[in-house]
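Following: one structure in structure tokens, then a few remarks.
The values are calculated or read from the model by the stated rules, or taken from the named source; none is laboratory data. In this text the structure is predicted, and so the values were computed from the model without any measurement. Heads up, the Cβs are rebuilt from the backbone with ideal geometry, glycines too, and the neighbour counts pull from every protein chain shown. For the accessible areas, the whole protein counts, side chains as well, though only heavy atoms, and no ligand, DNA or RNA atoms are used. Shrake-Rupley method; radii C 1.70, N 1.55, O 1.52, S 1.80 Å.
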Amino acid sequence: MIKNRIVAKILTADIIYEEHSASYRRLILLNAFLYITVLVLTFFAFYNFLTLNNYLVAVVDTLAAANAFYVLYHLHKFKELERAISLSMLNLFVFFLSFVYINQNHDLGLIWTIFFPLFAILLNGRRKGVFLAIVFYLILFYFAYQGIGVWQDGKWSMASFLRLFVASTVLTYIIYFMEYSQEIAEESLAVTREKEADSMAELEKLSITDPLTHLYNRRHFHEMFTRQFQMARHHHFHFALFILDIDFFKQYNDTYGHQKGDEALCMVADSLKQYMRRSDDFIFRLGGEEFSGICIGGDIEKIVDQISSLCELIASLQIEHKGSEISEYLSASIGAKLISEFDDYDFDKLYKEADDALYRAKRDSRNCFVFS
């Protein structure tokens, strides 16, 4: 754990992945680049100063190393990735051109310029990166062309210039298309992940939804009960659980057929869904012709009125039911339990008392509601 923490501190500046997921590769690359820049340029600053007595190059190395260290400090302190990239590119741009102008390709100093298009494109993206590389090379090639017959004690020739031009152009071309292919791959991966997320969301929705009525199913009923129960307890709300059962539904299926029975269930479900539209109201299909609902709120009379009016709501649909013994239309019986004190109740007890109330409603007259 400590090792992982140190690595995260060094390579990511403790920047949270979820907040910068699209640019996390650039973040790690920038950190690695800055650490290497500080170490390498510090080494060459001392080397040029102590061994080669090349004081001007040593000063350039020192300034570039100091700027890289400042950018690294700024990135870790303020977590500003884009600003850190811009400062790094400016530092690298000025350093390389200054070094090239002073060094004049002694000891093959021009070889260091291959790193500019690499980091410019990888850190800034292919479009901005290749623009920076082109500007850099226009100045570099101008210096190099002016140095023909002068650099390397006069050994720098047109052939040397053309080799630099071709090698730099080809390298930039390769890096550009490497980054282009990487962007295409990342875009394809992002699309795939988005589709997977949509599929997972759809699967999750299907797992908690009744396929016929599109209401929440019994599984989600248990989950929402726990959530709403805790919410009502926390806010000192009233909590009501009701069970609704369509009267003589077996006889309805026998009379009209199961397809008509499914259509009737869907009509009832749509009506319940439209009626119970508050954010704290939930309606579920438990199975068959049995539905359940949860209501919470601070006004007990509103909750009672809402549940007690459901019988009238079902009757108002005027779904013909010749097999009913109590009405010419489809009707429902409701049993409900409403509590304001929560300490003595859990799901099983509350559900049982609502179910007992439903039993009494069906035993007495049906097409009515009973509160426990």
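Overview of values
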{"read-out": "The stretch 295-372: GluC sites (Glu not before Pro) in DSSP loop, at most 15 other beta carbons within 10 Å", "value": "E325, E328, E341"}
{"read-out": "Formal net charge of residues neighbouring K362 (Cβ-Cβ distance under 10 Å; K, R +1; D, E -1)", "value": "0"}
{"read-out": "Candidates I319, I208, I334, ranked by Gaussian network fluctuation over the chain, Cα under 10 Å, top entry", "value": "I319"}
{"read-out": "The stretch 133-162 and the stretch 224-257: distance between their alpha carbon centers, rounded to Å", "value": "83"}
{"read-out": "Calculated on alpha-carbon atoms, Rg and Dmax of the stretch 214-372 in Å", "value": "15.3, 48"}
{"read-out": "About the Cα centre, charge dipole magnitude for the stretch 169-309 (Lys/Arg +1, Asp/Glu -1 at Cβ), debye", "value": "420"}
{"read-out": "Apportionment of accessible area to carbon and sulfur, the stretch 185-262, percent (1.4 Å)", "value": "56"}
{"read-out": "Neighbour net charge for E320 - beta-carbon separation under 11 angstrom, K R +1, D E -1", "value": "+1"}
{"read-out": "Antiparallel bridges, percent of DSSP beta bridges restricted to the chain (to nearest 5)", "value": "85"}
{"read-out": "Cross-link pairs K79/K195; K205/K362; K250/K352; K205/K273; K337/K362 - those with Cα-Cα distance over 27 Å", "value": "K79/K195; K205/K362"}
{"read-out": "Kyte-Doolittle mean at least -0.5, axial Cα span of 18 Å or more - DSSP H helices of the chain", "value": "24-50, 55-78, 81-103, 126-146, 158-207"}
{"read-out": "For the stretch 290-298, Karplus couplings with θ = phi - 60° (6.51, -1.76, 1.60), whole Hz, Gly/Pro x", "value": "9, 10, 9, x, 10, 10, 10, x, x"}
{"read-out": "Taking the stretch 195-300 and dividing mean pair separation by its residue count, relative contact order in percent (alpha carbons under 8 Å, at least six apart)", "value": "37"}
{"read-out": "Accessible area of the chain divided out per residue, in Å², using a probe of 1.4 angstrom", "value": "56"}
{"read-out": "Along each principal axis, Cα extent of the stretch 119-228, largest first, Å", "value": "87, 24, 16"}
{"read-out": "Area of D344 that stays accessible when all protein chains are in place (1.4 Å probe, Å², to 10)", "value": "120"}
{"read-out": "Cα-based reach from K155 at 20 Å (exclusive), listing aspartates and glutamates while leaving out same-chain residues under 8 positions away", "value": "D107"}
{"read-out": "Prolate/oblate/rounded call for the stretch 197-256, Cα gyration tensor, a/c under 1.5 rounded", "value": "oblate"}
{"read-out": "For D305, net neighbour charge (Lys/Arg +1, Asp/Glu -1) across residues whose Cβ lies under 12 Å away", "value": "-2"}
